[in-house]
1. Please find, among A:Pro81, A:Pro62, the residue that is facing chain B (nearest Cβ under 10 Å), more than 25 Å from B:Leu131 (Cβ to Cβ), surrounded by 15 or more Cβ atoms within 10 Å (Cβ to Cβ) and out of contact with any Lys or Arg (no Cβ under 9 Å at 6 or more places or on another chain).
2. With B:Leu131, B:Leu125 as the choices, which residue is touching a helix residue (DSSP H, G or I) at 6+ places or on another chain (Cβ under 8 Å) and away from the ligand (no atom under 15 Å from the Cβ)?
3. Go over the candidates B:Ile110, B:Ile100 one by one and state the one that is closer than 14 Å to B:Ile225 by Cα and within 16 Å of the ligand (Cβ to nearest atom).
4. Looking only at region B:138-170, count every residue that is within 11 Å of chain A (Cβ to nearest Cβ), surrounded by fewer than 22 Cβ atoms within 10 Å (Cβ to Cβ) and among the aliphatic types (A, V, I, L, M) and tell me the total.
5. Give just the number: which of (1) of a type outside the set (A, V, I, L, M, F, W, C); (2) away from the ligand (no atom under 12 Å from the Cβ); (3) facing chain A (nearest Cβ under 9 Å) does B:Gln178 not satisfy?
6. Just to be sure, is B:Tyr138 within 16 Å of the ligand (Cβ to nearest atom) and touching a residue at least 24 places away in the same chain (Cβ under 8 Å)?
7. Which of the residues spanning region A:62-97 are assigned to a loop (DSSP other than H, G, I, E, B), touching a helix residue (DSSP H, G or I) at 6+ places or on another chain (Cβ under 7 Å) and touching a residue at least 24 places away in the same chain (Cβ under 8 Å)?
8. Among (1) buried (at least 16 other Cβ atoms within 10 Å of the Cβ); (2) in contact (Cβ under 8 Å) with a residue 24 or more places away in the chain; (3) in contact with a Ser or Thr (Cβ under 9 Å, 6 or more places away or on another chain), where does A:Thr50 come up short?
Amino acid sequence: MEKLRQTPSQTVGPFFAYSLTAEQYGYDYNSLINGLLINHDTEGERIYITGRIYDGKGQTIPDALIELWQADANGQYRSLPIHQKNDGFTGLGRLGTGTDVQDRFLFTTIKPGSIGDGQAPHINIILFMRGSLHRLYTRLYFSDESATNSQDELFNTIPEERRNTLIAQRKQNAGRIEYHFDIYMQGEKETVFLMYITNDVIS
Amino acid sequence: MENSQLIEVEPINFNVQPPHLYSEYKSTILRSPTKPLIPVKEQLKDLSLPAFGDSAIGKWDHDLTKNARKNGEPIGERIKVSGKVMDEYGRPLRNVLVEIWQANAAGRYIHKAEIHDAPLDPNFLGAGRMLTDREGRYSFYTIKPGAYPWGNHFNAWRPNHIHFSVIGHQIGHRLVTQMYFPGDPLFEFDPIFQSVPKHARELLIAKFRMDWTEPEFALAYEFNIVLNGKCQTPFE
Ligand SMILES: [Fe+3]
């Protein structure tokens with residue numbers, strides 16, 4: 001079977017907000033995906049995921065788009081279609097970094113369970129921004145899971161000195177549990193980015 | 001690796017994909033990874049992305065000439081943009097969420113941070129979305145977007161384009177791209193378009209389809225999208 005050529009990737013640019021995150025930015029268009037991954041019936045420990053994205057000069061990035069995709073407290077990804085915004089536990093989140101004075105994102109969710117042997121609890125992150133020609137994948141692990149993190153198959157393939165770039169720090173803030181996860185595009189603390197390549201790559 | 005002059009950040013399919021760092025597009029300089037990306041092992045790649053139900057999509061979400069009308073028709077050339085979303089083996093991917101956004105006919109985005117002083121159109125938002133059907137097809141009605149200036153370098157202009165965001169079936173299927181129009185004289189001056197290897201740029205240019213036009217209503221363009229990798233979901 002002759003293979004087709006993939007569609008090349010292009011940047012999300014600076015002006016995605018009125019389509020992809022319209023409600024967050026106050027545009028007159030509804031959103032299917034936002035910063036809330038659960039509803040009040042969702043089982044599990046309520047947590048907030050917050051952080052900022054830094055460029056190579058240490059400036060925070062105010063026009064990035066960040067997506068989260070996670071399993072529920074039992075380690076199950078949602079398999080039923082999402083019919084509306086905040087349709088129970090969706091496990092899917094999406095925010096821009098342009099509506100907070102400090103360029104933070106703030107997701108409301110529950111801590112995911114392990115999806116199986118050799119997998120520490122984690123959240124998949126997909127990142128887009130002006131100045132990035134590709135989607136970038138990374139993974140968030142939890143600071144209070146160091147024992148399971150050290151058993152994680154993917155975590156262990158990452159050079160040891162870079163593993164801490166994937167660990168969100170657990171903090172108590174005004175009675176709620178926040179995990180802080182800053183993303184560094186470049187520099188000493190450059191976040192580990194992942195690639196999901198199937199085949200036929202030139203390496 | 002230590003001896004290689006060019007550190008390959010990601011062994012992307014450089015046949016068609018742009019590099020992460022493309023210095024003519026200045027914002028890539030401080031915003032692209034400098035360290036090699038870490039490959040995810042085979043067994044972890046098949047993670048499914050969420051699917052959306054038909055009811056998630058509004059009645060006019062696919063028609064940008066209607067979905068933001070206030071007191072009349074949006075201004076500009078009405079067009080239809082249609083195509084298929086497929087895997088690399090040409091198999092249609094159904095139920096894929098396709099979201100689009102674009103400037104209006106004058107080259108103005110409704111985005112609050114936009115500074116280009118072309119007029120806004122009170123009847124045009126420039127955002128739409130739909131799910132692909134059983135044959136992997138989508139079809140939007142919209143207004144042909146105008147070119148607009150940007151700050152990358154002196155007298156920089158973007159060619160006419162529509163932004164696309166696609167959520168396919170697997171995590172590796174996530175794509176954000178831009179669709180261009182045939183014969184645009186700005187192609188050779190636009191570093192975002194030029195970041196794609198020369199022989200693959202045609203993949204981002206829609207085809208004019210006279211046979212798909214709607215007489216006395218709209219011209220038609222075809223833009224097919226091929227996602228990375230093969231689809232693992234069973235086909236009936
Ligand atoms: Fe644009």
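1. Residue meeting the stated conditions: A:Pro62.
2. B:Leu131
3. Step by step, each of B:Ile110, B:Ile100 is checked, and only B:Ile100 is closer than 14 Å to B:Ile225 by Cα and within 16 Å of the ligand (Cβ to nearest atom).
4. Adding up the residues that qualify gives 1.
5. That leaves (2) as the condition not met.
6. Answer is no for this residue.
7. A:Gln84
8. (3)
The values are calculated or read from the model by the stated rules, or taken from the named source; none is laboratory data. Here the structure is a predicted model, which is why all the values come from computation and not from measurement. Please note: Cβ atoms are built from the backbone with ideal geometry, for glycine as well, and neighbour counts cover all protein chains shown.
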